[in-house]
1. What are the pairs, 6+ residues apart or on separate chains, where a residue within the range 233-262 that is free of Cβ contacts under 8 Å to residues at least 24 places away in the same chain has its Cβ under 8 Å from a residue that is open to solvent by 70 Å² or more (accessible area, probe 1.4 Å)?
2. It is to be established whether one or more residues within the range 253-262 are of a type in the set (Gly, Ala, Ser), under 16 Å from the mean Cα position of the chain (by Cα) and closer than 16 Å to Gly70 by Cα.
3. Condition first: over 18 Å from the mean Cα position of the chain (by Cα) and open to solvent by 60 Å² or more (accessible area, probe 1.4 Å). Can you find one or more residues in the range 112-121 that meet it?
4. Of Leu85, Leu30, which residue is in contact (Cβ under 8 Å) with a residue 40 or more places away in the chain, of a type in the set (A, V, I, L, M, F, W, C), surrounded by fewer than 20 Cβ atoms within 10 Å (Cβ to Cβ) and over 18 Å from Asn142 (Cβ atoms)?
5. Quick check on Ala40: is it closer than 30 Å to Ile227 by Cα, modelled with pLDDT under 95, surrounded by 15 or more Cβ atoms within 10 Å (Cβ to Cβ) and among the aliphatic types (A, V, I, L, M)?
6. For Asn209, indicate whether it is closer than 19 Å to Phe98 by Cβ, at pLDDT below 95 and out of contact with any Cys (no Cβ under 7 Å at 6 or more places or on another chain).
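The values are calculated or read from the model by the stated rules, or taken from the named source; none is laboratory data. Bear in mind the structure is a predicted one, so any value in this text is a computation, not a measurement. Here the Cβ positions follow ideal geometry from the backbone for every residue, glycine too, while neighbour counts run over all protein chains shown. When the accessible area is computed, the model is the full protein with side chains, heavy atoms only, and any ligands, DNA or RNA have been set aside. Shrake-Rupley method; radii C 1.70, N 1.55, O 1.52, S 1.80 Å.
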Amino acid sequence: MENFNETNQETINGTMTYTEGPIGNKFENLVEGLELIGVATVLAESFINKAKKGMLPFMRNNNFNFNNGGVYEVSYALLDNIRELMVENKATYLTFTFVEISPEDSRLKVTPYSDGSMMYMIASLETEEKKAIGEQNYLIINGNQQLSLKDLKISDKDFEDLKIAYEEHGKRIMDAYFGNKTNTVSISYHIVDLIDTLHKEPCDKFIVNLSEISDVKKLVAEERLGIIKEAQYRAHFESHLDQMTLVFKGNDNYYDMGSLYP
């Protein structure tokens, strides 16, 4: 792709212009001055550990299956292929939607903690207006590495069925855990953020952790990570305490770029 090695770009291939949307890695630029090495690690591991102590045991106790340890993965190659597909389809967002799927699906390589349907995240292409692009849904999380994107593609109808399965079972369990408040059903990544991450983090695969947002402001203060930037905190964390999210890890770095919906 022509401008792949450029970051924070507004124009891609001379045909797509983005003036709003990309938010970058939310773990970065969170404190004033020279950010201490390890800020992202402290925050990310807090999110991951909070889920391991609370959300994941609750899911297990209520017979809601998930990949072993709440840890999933996606290959760099598949994400790069998705990037190319987004450009071809003039997609602005890659949205991961929580669903329930059979761990026996031959397109997946998963290790659920028990038998039965499991929590999973389907990647879909969306326009700048957050409208789904028809028939562009993919099983890239823990996708069988022997398969191409074409093989990992699923129809809108199958996607809808998997969303309904989650709404009728898993979402009710998650709502009970989070106190019946509105919680995350999908997470969107802007194409510019995706390009930046792929450029910064050349690795074989990204680890994807089911996570739960902890008290970021309290953590920054307790760990003496610096003076928090209030605008950044309010924009990305203040209203999302205890909300479910996905934390990505490459070779050494953690990423939490996505916008949470609802």
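1. Listed pairs, sorted by first residue: Glu238/Lys217.
2. no
3. Applying the first criterion (over 18 Å from the mean Cα position of the chain (by Cα)) to the range 112-121 yields 112-117.
Filter once more, keeping what is open to solvent by 60 Å² or more (accessible area, probe 1.4 Å): 113, 115.
Yes, the range 112-121 has at least one match.
4. On the way: Leu30 fails: surrounded by fewer than 20 Cβ atoms within 10 Å (Cβ to Cβ).
It is Leu85.
5. Yes; evaluated as a whole, the condition is true for this residue.
6. Values: closer than 19 Å to Phe98 by Cβ: yes; at pLDDT below 95: no; out of contact with any Cys (no Cβ under 7 Å at 6 or more places or on another chain): yes.
Taking the combined requirement at face value, the residue does not satisfy it.
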